[in-house]
Protein chains: 2
Amino acid sequence: MEFDLIELVRARCALARADVRVGIGDDGAVLAPPAGHELVAVTDTLVEHVHFPVATRPEDIGWKSLAVNLSDLAAMGATPAWALLALTLPAPDRDFVERFAEGFAELAAQHGVALVGGDTTKGPLTITVSAFGFVPPGKALLRSGARAGDLVFVTGTLGDAAAGLRFPFEGLFQSPASAEACDALRARLDRPSPRIAAGLVLRDRASACIDVSDGLLADVGHVARASGVGIDISALALPASPALLQAFGAPERLALQTTGGDDYELAFTLAPKHEGIVLHDLAKAGCGATRIGRVVAGAGVRLLDAQGGEIATKRRGWEHFA
Amino acid sequence: MEFDLIELVRARCALARADVRVGIGDDGAVLAPPAGHELVAVTDTLVEHVHFPVATRPEDIGWKSLAVNLSDLAAMGATPAWALLALTLPAPDRDFVERFAEGFAELAAQHGVALVGGDTTKGPLTITVSAFGFVPPGKALLRSGARAGDLVFVTGTLGDAAAGLRFPFEGLFQSPASAEACDALRARLDRPSPRIAAGLVLRDRASACIDVSDGLLADVGHVARASGVGIDISALALPASPALLQAFGAPERLALQTTGGDDYELAFTLAPKHEGIVLHDLAKAGCGATRIGRVVAGAGVRLLDAQGGEIATKRRGWEHFA
């Protein structure tokens with residue numbers, strides 16, 4: 001790692017935590033996991049052009065590179081603690097690194113996450129973050145526990161980030177969206193809010209959980225496959241933000257909500273008897289959720305219209321090598 | 001992650017370990033750190049062109065991407081356990097991924113490391129591995145413990161990997177090196193052997209330790225800075241392999257040994273009273289070490305000739321953005 005860059009990042013992101021014995025600056029970090037807990041480890045990479053537009057602000061890239069990882073921790077029901085950052089840059093751009101670290105640190109501080117180590121290398125702009133959190137033994141939320149009869153929910157709203165990706169490039173010419181709506185959608189793309197508090201509520205009750213990163217249908221498909229069940233999703237039930245409703249008509253909106261991806265909401269399944277208490281606890285945690293379908297015997301995911309007929313979909317979500 | 005690729009990697013690398021509660025295939029891995037130990041976490045990135053030549057075999061890239069991380073764990077005195085893999089590829093090249101996984105798995109099996117999660121993305125060939133190991137509380141080997149009067153050692157030999165990078169491009173025309181010597185040097189570049197066993201010996205005795213990745217002078221410079229001491233290195237003492245001796249004359253050899261980098265040996269400091277027992281225990285662990293200098297009051301690193309005069313060096317080692 002180039003030493004000036006290390007210092008820039010360390011100065012901004014090395015939050016003090018008592019469980020960090022040795023942080024940035026040696027060959028590795030030395031960490032003290034809490035006794036009697038399991039460790040949850042996740043990693044996700046962002047590549048310029050592929051995962052964010054070229055003109056994205058460095059602060060937003062920093063935020064998002066941590067957010068997509070914290071979203072995975074949220075989906076496991078974990079309490080976040082530490083992160084590692086591998087930053088590949090075309091040149092030792094001090095301004096970029098400072099602004100990147102600022103966005104990263106802003107989200108890290110919100111969730112008490114300490115950056116404990118990393119690597120900077122020269123190459124095409126690519127960011128890999130690994131993040132770590134804790135769960136009580138056996139309490140991690142998995143994809144594999146959904147059972148026929150369970151209900152399906154999603155936190156927040158869907159489709160905003162994918163819509164944000166279209167502004168200002170296409171949207172201004174296609175729709176009557178206000179500048180304010182465009183900004184709101186773009187903010188969902190650039191600064192996703194990992195649903196950590198919701199994951200903590202869900203880990204005691206949900207039968208399965210996943211974060212919606214590749215697109216709703218693709219992601220609930222992972223749950224269906226891992227659980228050995230089918231999932232029916234009701235198109236009319238899918239939650240939409242006011243900005244999305246203003247900016248896009250129904251057919252395009254449905255495509256964005258079901259296959260757009262980058263939502264970083266949690267989709268989860270629940271035995272019907274838990275619905276009341278979970279929605280209550282989620283609301284208390286500041287996170288709404290909407291019932292969007294049910295788990296059925298069988299396999300695969302079906303998107304249903306108001307009459308219960310299946311809606312054909314061309315693509316299921318984000319495919320990295322499509 | 002693209003599902004076929006995940007399966008290819010999982011089939012080869014998901015070593016069974018009792019402390020892996022949930023491995024590849026959910027939003028995150030669920031791991032059970034051993035009670036009463038500290039966790040050591042490291043991460044390193046390899047970028048094509050920058051960290052390995054374009055024609056490097058996929059098996060060797062897989063091996064090396066893990067090796068450079070295990071080398072960091074070795075330098076901390078940690079026992080390796082788990083790894084995460086973030087693989088960015090220009091295209092979903094099945095053959096590349098199979099061969100990459102084969103090399104990765106070969107080294108992982110040698111050290112009992114389970115691949116527990118990862119991400120595959122589309123983009124310029126870049127590999128980030130994070131690796132995790134354990135140390136007894138307070139036993140991690142740091143860079144900061146060297147004291148004036150300590151002796152300085154290095155495991156194995158220096159300069160081979162940097163020499164290997166020159167073959168077959170330049171070497172064949174410059175030197176009388178045999179094909180066998182070229183192969184030996186190239187193997188040190190492509191398949192470094194992380195000094196895990198040496199790290200375990202050293203963690204009870206060494207005052208400071210670092211892995212030699214950027215070049216000897218640069219890396220012992222990190223130790224000097226972190227410890228607040230100076231370090232004198234004796235040029236004549238630096239260990240060279242038979243292949244290096246055959247392929248390069250003295251001046252070029254010295255440059256390769258002191259600034260070439262990519263050695264993945266351990267440089268460490270030791271109170272003189274421990275020299276005998278440590279060299280004995282290292283030999284028992286199958287790893288030779290050579291005394292190459294001493295820690296002195298002051299600051300910085302000096303490379304000394306047989307008369308104790310300082311040898312001027314132009315560059316100190318690998319600088320990522322030089």
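Computed from the coordinates by the stated procedures, all read-outs in this text should not be read as laboratory data. Given the structure is predicted, the values throughout are model-derived calculations rather than measurements. Every residue, glycine as well, gets a Cβ built from its backbone with ideal geometry; the counts of neighbours run over all protein chains shown.
Computed quantities for the displayed model
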read-out: Inter-chain shielding of B:30-37 (mean C-beta neighbours from other protein chains, 10 Å cut-off); value: 5
read-out: Net charge, B:P194 excluded, C-beta distance under 12 Å - Lys, Arg +1, Asp, Glu -1; value: -3
read-out: Neighbourhood charge, 14 Å Cβ-Cβ cut-off, centred on B:L158 and excluding it, Lys, Arg +1 and Asp, Glu -1; value: -4
read-out: Average Cα contact separation per residue, the range A:151-304, under 8 Å, 6 or more apart, as relative contact order %; value: 46 percent
read-out: Test item: Cα-centred dipole of the range B:151-304, Lys/Arg +1 and Asp/Glu -1 on Cβ, debye; value: 420 debye
read-out: Distances in nm from A:R94 to the matching label points in the other copies, shortest first (labels 7 Å along Cα to Cβ); value: 5.1
read-out: Chain A shape via C-alpha gyration tensor axes, a/c threshold 1.5; value: oblate
read-out: Computed over chain A: relative contact order in percent, which uses C-alpha pairs under 8 Å that are six or more apart; value: 22 percent
read-out: Partner chain coverage, peptide A:81-90 - average Cβ within 10 angstrom; value: 4
read-out: For chain B, built as a Gaussian network whose Cα springs stay under 10 Å, the top-fluctuating residue of B:A299, B:A67, B:A206; value: B:A299
read-out: Footprinting exposure proxy for A:K139, A:K314 (fewest neighbouring C-beta atoms within 10 Å first); value: A:K314, A:K139
read-out: Alpha carbon centroid spacing (whole Å) that separates the range B:92-153 from the range A:24-66; value: 17 Å
read-out: Net +/- balance of residues flanking B:L185 in space, Cβ distance below 9 Å, scoring K and R +1, D and E -1; value: +1
read-out: Net dipole in debye of chain B [+1 Lys, Arg Cβ; -1 Asp, Glu Cβ; about Cα centre; nearest 20]; value: 980 debye
read-out: Subset of B:K139/B:K273; A:K122/B:K139; A:K139/B:K122 violating a 24 Å alpha-carbon distance limit; value: A:K122/B:K139; A:K139/B:K122
read-out: DSSP bridge pairs, the protein assembly as shown: antiparallel proportion in percent, nearest 5; value: 75 percent
read-out: GNM top mover of B:T155, B:T126, B:T258 - chain B, alpha-carbon springs below 10 Å; value: B:T126
read-out: Proximal lysines relative to B:K64, as straight alpha-carbon distance under 17 Å, when same-chain residues fewer than 8 apart are discounted; value: none
read-out: DSSP beta bridges in chain A [antiparallel fraction, %, rounded to 5]; value: 75 percent
read-out: Test item: B:15-27 mean partner chain Cβ contacts at 10 Å; value: 5
read-out: Gap separating the Cα centres of the range B:269-316 and the range A:243-301, nearest whole Å; value: 62 Å
read-out: Nearest-first distances (nm) between copies at A:A187, label 7 Å from Cα via Cβ; value: 6.1
read-out: Computed label-point distance, nm, for sites B:K139 and A:A179 using a 7 Å Cα→Cβ extension; value: 6.3 nm
read-out: Antiparallel bridges, percent of DSSP beta bridges restricted to the range A:59-188 (to nearest 5); value: 55 percent
read-out: Cα centre as origin, Lys/Arg/Asp/Glu Cβ charges: the protein assembly as shown dipole, Debye; value: 1100 debye
read-out: Value of relative contact order over the range B:2-135, rounded to a whole percent, pairs C-alpha under 8 Å and six or more apart; value: 40 percent
read-out: Residues of type aspartates and glutamates that A:K284 reaches as a straight line, Cα spacing below 16 Å, ignoring anything fewer than 8 places off in the same chain; value: A:D204, A:E275
read-out: Fewest-first sequence of A:F104, A:F52, A:F268 by Cβ atoms within 10 Å of each Cβ; value: A:F52, A:F104, A:F268
read-out: Nm distances between copies for B:Q110, ranked from closest, using label points 7 Å along Cα→Cβ; value: 4.4
read-out: R0 of 35 Å, Cβ-Cβ distance B:Q110-A:Q110: FRET efficiency to nearest 0.05; value: 0.30
read-out: Förster radius 22 Å - calculated FRET efficiency between A:A312 and A:A148, Cβ distance, rounded to 0.05; value: 0.35
read-out: Helix runs (DSSP H) in chain B reaching 18 Å along axis by Cα, Kyte-Doolittle at least 0.0; value: B:58-76
read-out: Distance (nanometres) between label positions extended 7 Å along Cα→Cβ at B:I277 and B:A250; value: 3.9 nm
read-out: Cα gyration tensor shape for the range A:175-322, rounded if a/c is under 1.5, else prolate or oblate; value: oblate
